[in-house]
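Below is one structure, written out as C-alpha cells; comments come after it.
Where a number appears in this text, it was derived from the coordinates with a stated rule and is not lab data. Being a predicted model, the structure only gives us computed values, none of them experimental. Reconstructed Cβ throughout: ideal geometry from the backbone, glycine too, with neighbour counts over all protein chains shown.
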Amino acid sequence: MSIIRLRQVVKHFAEREVLNNISLEVKPGEVLGLLGHNGAGKTTTIKLILGLLRPDGGEVRVMDQDPAGRDFRELRRHLGFLQENVSFYDQLSGAEVITYLAKLKGVFPAQGMALLERLGLAEASGRRVKTYSKGMRQRLGLAQALLGQPKVLLLDEPTVGLDPVATHHFYQQIDELRRQGCAIVLCSHVLAGVEPYLDRVAVMGQGKLLAVGHLDALRAESRLPVTLTLQGRELHRSLPERFWPLVTEASEQQLVLQTDVAGQRVLAEVICSLPDIEQFQWQQPNLPELYQHICYGAADANTADYCP
Ligand SMILES: Nc1ncnc2c1ncn2[C@@H]1O[C@H](COP(=O)(O)OP(=O)(O)OP(=O)(O)O)[C@@H](O)[C@H]1O
C-alpha cells in the first residue's frame, strides 16, 4: 500500500501552471528518485507532500491523510525533510541545535544525541555549527530530518557539496532507512552514482511527469543501445554470421557489438557462441543517459544544458 499518493495534482502560482496532472505513489521501504531540470516542479511537489502548499486540483495523501488538512501537526511528526542548502543557528553547537529541534518536534533530546552519534557527529557535537564543514552540516541536516523516526523522508538535493566518501556514507544511511521501511523521495541533479540507491525514478519536465517506473523498465522502453565489448584473440573469426549486423568494431584483440535494451538477450547468445573470450564488459545505459533520453529524446548532448 502506498504511503504517499498524488492523484492528478495541479498547482498554479498566480496564472502560471507549475504542476500539470501529476500522479505518483511511493510505498514503504521504497526510494523514489524525483528528477528534473531546474524549475521542473520537484520542490513544489515536495512542498505539497509536506502540506506546506495546497494543490489547486487533484489530491495529495500521505498515510491516507491530507498533509495540509486539519490534523497536519500530528501527521508532520511522521515526516522528515532535508531541504537544499540547509542552514542552522550558527552560534549554537550541534548538540544545542538538535536538542532545540527535537523539542520542537516533540521528541526526547536523547534521540537527537543518538542520531548525532549514529551520523558520526558525536565528537563535534559541542562545537558551534559555524565551525562545521559542508558535509558535517548535511549530516546535522539529516539528523534533524530523522528526528521522531519518520515514516516518510523527503530529501531535496541532499548531497550537493559532499565529497564522494561523504556522499557514499550518506547513501548508506538512506539504504538503512529504506530497509527499516521508510518511504523516501530523493530530488537530485547529481545522477552519477545514485542509481543503486533508487528503486524507481520519476522524471519531471515543465511541471509534467515525463516518465515514472523501475529503472530496468525505463531502460527497456528507451531502446537505448547496450554495448558488449569482448576481448580475446581474433574473436571475429569465430563469430557466427547471424551476429555480424550487431558488430560496431572488430579488431584482432577486440569485438564490440551493440543492440537495444529490449533485444539485449541476443548478446548473451553471442557470449555463449564464442569459446575464447578472455574478458567481457556489458554496458547498459546509465541513469544520466536515461535521464538525457527521457528529457531531450534523441537530441544531441548539447541540448542537455537547455533548461526550459
Ligand atoms: N512561491 C512561488 N511563487 C511563484 N512561482 C514559484 C514559486 N515557487 C516556485 N515557483 C515556480 O514554480 C516552478 C517550479 O519550481 P520548483 O522550485 O518546484 O522547481 P524545481 O524542480 O525544484 O527546481 P530546482 O531544481 O531549480 O530546485 C518554477 O518555474 C518556479 O519559478
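Just to be sure I understand: with springs between alpha-carbon atoms less than 10 Å apart, which residue in A102, A14, A143 has the highest mean-square fluctuation in the Gaussian network model of the chain? Residue with maximal mean-square fluctuation among A102, A14, A143: A14.
Taking R0 as 45 Å, what's the FRET efficiency between R54 and Q283 from their Cβ-Cβ distance, rounded to 0.05?
For R0 = 45 Å, the calculated efficiency reads 0.50.
Take the cross-link list K134/K208; K11/K105; K27/K208; K130/K208; K11/K103 and give me the ones stretching past 30 Å between alpha-carbons. Over 30 Å Cα-Cα: K134/K208; K130/K208; K11/K103. Using alpha carbon coordinates only, what is the Rg to Rh ratio of the chain, with Rh defined as the Kirkwood radius? Reported Rg/Rh, Kirkwood definition of Rh: 1.07.
Using the Cβ-Cβ distance between V256 and E221 with R0 = 30 Å, the FRET efficiency computed as 1/(1 + (r/R0)^6) comes to roughly 0.80. Just checking the listed ones, L290, L154, L50: in the Gaussian network model of the chain with Cα springs under 10 Å, the one fluctuating most is L290.
When exposed loop sites are taken as chymotrypsin sites (Phe, Trp or Tyr not before Pro) in a DSSP loop with at most 14 other Cβ atoms within 10 Å, the longest stretch of the chain clear of them is 90-305.
What the Cα convex hull of the stretch 225-283 gives, in volume per residue, is 66 Å³. For the stretch 1-63, a simple Cβ point-charge model (Lys and Arg +1, Asp and Glu -1, everything else neutral) yields a dipole of about 120 debye relative to the Cα centre. Taking every alpha-carbon pair under 8 Å whose residues sit at least 6 apart, the stretch 152-305 reaches a relative contact order of 22 percent.
Here r is the Cβ-Cβ distance between E123 and E195 and R0 is 41 Å; the resulting FRET efficiency, rounded to 0.05, is 0.80. Modelled this way, with points 7 Å down the Cα-to-C-beta line, the labels at F108 and A268 are 5.2 nm from one another. The stretch between H168 and N21 holds 49.5 nm of extra length on full extension. This uses 0.36 nm per residue minus the Cα-Cα distance. The fewest-to-most ranking of E17, E30 by surrounding Cβ atoms within 10 Å reads E17, E30.
Per residue, the Cα convex hull of the stretch 1-143 amounts to 138 Å³. Loop-located GluC sites (Glu not before Pro) across the stretch 181-255 with a Cβ neighbour count of 13 or fewer within 10 Å are E234, E252, with loop assigned by DSSP.
For the stretch 4-219, the share of DSSP beta bridges that are antiparallel, to the nearest 5, is 55%.
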